[in-house]
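Notes to accompany the following structure.
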Amino acid sequence: MPARIRESTELRTMFFELTLNVMMRMIAGKRYYGDNIADLEESKRFKEIHKETFKLAGTPCIGDYLPLFKSKKLENMLIKCQRKRDEFMQGLIEEHRRRRRGSGHDSETDRKNTLIEVLLGLQESEPVYYNDEIIKGLMLIMLLAGTDTTVNAIEWALSLLLNHQEVLEKVQKEIDKHVGQERLIEESDLAQLPCLSNIINETMRMYPPSPLLLPHESSEKCVVGGFHIPQGTILFANLWAIQNDPKLWADPTKFKPERFEGVERGRDGFRLMPFGSGRRGCPGEGLGLTMFGLVLGSMIQCFQWMRTGEEMVDMTEGAGLTLSKAQPLHAKCRPRPIMFNLLSQI
Ligand code: HEM
């Protein structure tokens with residue numbers, strides 16, 4: 001394999017496609033991006049729906065709070081998009097259902113442990129609870145809540161590393177020592193890579209993907225931080241402010257992954273909580289952390305990463321309720337010579 005430098009790759013799109021492939025493989029055993037797509041027409045439909053969904057998700061609905069600004073046009077677009085999405089998801093459920101009915105339970109495809117397959121199994125014993133609406137809701141939330149957050153986290157982490165080459169070298173050495181060059185980094189390695197996990201924590205401290213968590217509503221009156229909150233109040237917690245508070249963190253604006261050395265699982269009281277906390281905390285924490293660790297870890301293991309020029313990566317934050325980079329990350333990379341052998345077998 002030639003050690004060709006790949007000139008200025010735009011990474012956000014690639015991270016999105018990868019994360020969506022991971023999600024869809026879990027949900028339905030399908031991938032819609034990259035090579036060897038089984039059904040091109042279906043993949044095209046999924047891509048269109050996904051593009052529209054994220055475009056609309058990023059459009060602020062001021063009318064939800066100030067009825068004067070209600071937009072019928074936006075509402076109709078949302079309804080239309082939801083119909084298309086619903087039809088697509090229902091199609092996937094019917095496909096699984098036909099397969100279950102047609103070939104019994106022991107064909108190779110049936111044995112694929114997809115989310116739909118498992119939920120349809122549960123539907124047989126508890127049809128009211130695991131109805132199709134619930135299944136579609138779960139499929140949708142995985143695609144909506146699990147992709148944007150994970151992509152942003154990975155993009156911020158690589159941007160920070162490109163601006164801190166000494167940290168990048170340190171974590172590469174850690175991965176080389178623990179994982180080596182005979183195999184790719186695996187899920188079970190993650191717990192043995194403290195430097196990588198410190199980078200993950202420090203990235204999500206500085207750039208929490210959900211900086212205001214999700215809106216919470218008080219089910220009864222309570223006191224938060226000395227403020228009396230009446231029942232039924234929508235409350236936003238400013239996670240970004242907590243995680244960047246100079247009273248809680250030394251040099252909060254500095255990227256210092258080593259600050260997490262020796263901290264049990266990165267949890268340090270309620271100072272760091274990129275996944276929220278308590279009963280309504282993120283249920284996808286384990287999956288999000290695994291994807292984050294494996295994607296970042298394998299990129300560092302296999303490639304040498306460089307900025308596109310002398311200037312530092314622009315770390316300006318974009319607008320919106322999730323914390324994304326204002327400018328998508330571009331970087332140069334080249335396969336590491338010590339990884340040629342393994343990469344040529346993939
Ligand atoms: C790095 C990745 C991720 C981050 C940083 C993240 C962060 C968060 C945060 C901060 C919340 C709000 C918690 C609160 O308000 O207390 C949340 C909620 C949620 N997340 Fe994640 N998340 C990530 C990945 C995922 C994944 C992979 C999934 C699913 C596959 C997921 C599904 C959800 C769901 C369903 C909720 C709503 C929970 C509820 O309202 O009870 N997230 N996430």
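Before moving on, here are some points about what is shown:
- Condition met for Asp39 (over 29 Å from Val295 (Cα atoms) and either of a type outside the set (A, V, I, L, M) or touching a Lys or Arg at 6+ places or on another chain (Cβ under 6 Å) (or both)): no
- In the range 243-265, the qualifying residues are those that are closer than 25 Å to Pro215 by Cβ and surrounded by 17 or more Cβ atoms within 10 Å (Cβ to Cβ), and the one that is farthest from the ligand (Cβ to nearest atom) is Asn244.
- Residues in the range 197-215 that are within 14 Å of the chain's Cα centre (by Cα) and part of a helix (DSSP H, G or I): Ile200, Thr203, Met204.
- Taken over the range 292-342, residues that are aromatic (Phe, Trp, Tyr) and assigned to a helix (DSSP H, G or I) amount to 2.
- Any hit, the range 25-36, residues being within 18 Å of the chain's Cα centre (by Cα) and at pLDDT below 90: no
- Flag for Leu18 being within 24 Å of the chain's Cα centre (by Cα), part of a helix (DSSP H, G or I), more than 22 Å from Phe303 (Cα to Cα) and not charged (D, E, K, R): no
- Among (1) modelled with pLDDT under 95; (2) farther than 19 Å from Arg25 by Cα, the one test that Ser107 misses: (2)
- On the stretch given as the range 270-289, residues that are more than 9 Å from the ligand (Cβ to nearest atom) and either in contact (Cβ under 8 Å) with a residue 60 or more places away in the chain or surrounded by fewer than 13 Cβ atoms within 10 Å (Cβ to Cβ) (or both) total 2.
- Every pair of residues 6+ apart whose Cβ atoms lie under 8 Å, when the first sits in the range 136-148 and is within 14 Å of Phe292 (Cα to Cα) and near the ligand (Cβ under 8 Å from one of its atoms) while the second is modelled with pLDDT of 90 or more and assigned to a helix (DSSP H, G or I): Gly146/Thr19; Gly146/Met23; Gly146/Leu287; Gly146/Gly288; Thr147/Phe16; Thr147/Thr19; Thr147/Leu20; Thr147/Met23
- Thr13 falls short on exactly one of the conditions (1) within 17 Å of the chain's Cα centre (by Cα); (2) surrounded by 14 or more Cβ atoms within 10 Å (Cβ to Cβ), and that condition is (2).
- Among residues of the range 149-186, those that are outside any loop (DSSP other than H, G, I, E, B) and free of Cβ contacts under 8 Å to residues at least 24 places away in the same chain, counted: 7
- Of all residues in the range 231-242, those satisfying the criterion of being of a type outside the set (S, T, N, Q) and farther than 13 Å from Pro211 by Cα are Gly232, Ile234, Leu235.
- Scan of the range 302-314 for residues that are in contact (Cβ under 8 Å) with a residue 24 or more places away in the chain and over 15 Å from Val167 (Cβ atoms), ordered by number: Cys302, Phe303, Thr308
The values are calculated or read from the model by the stated rules, or taken from the named source; none is laboratory data. The structure presented is a predicted model; accordingly, all values stated were derived computationally and were not measured. Neighbour counts are summed over all protein chains in view; Cβ atoms, including those assigned to glycine, are modelled from backbone coordinates with ideal geometry.
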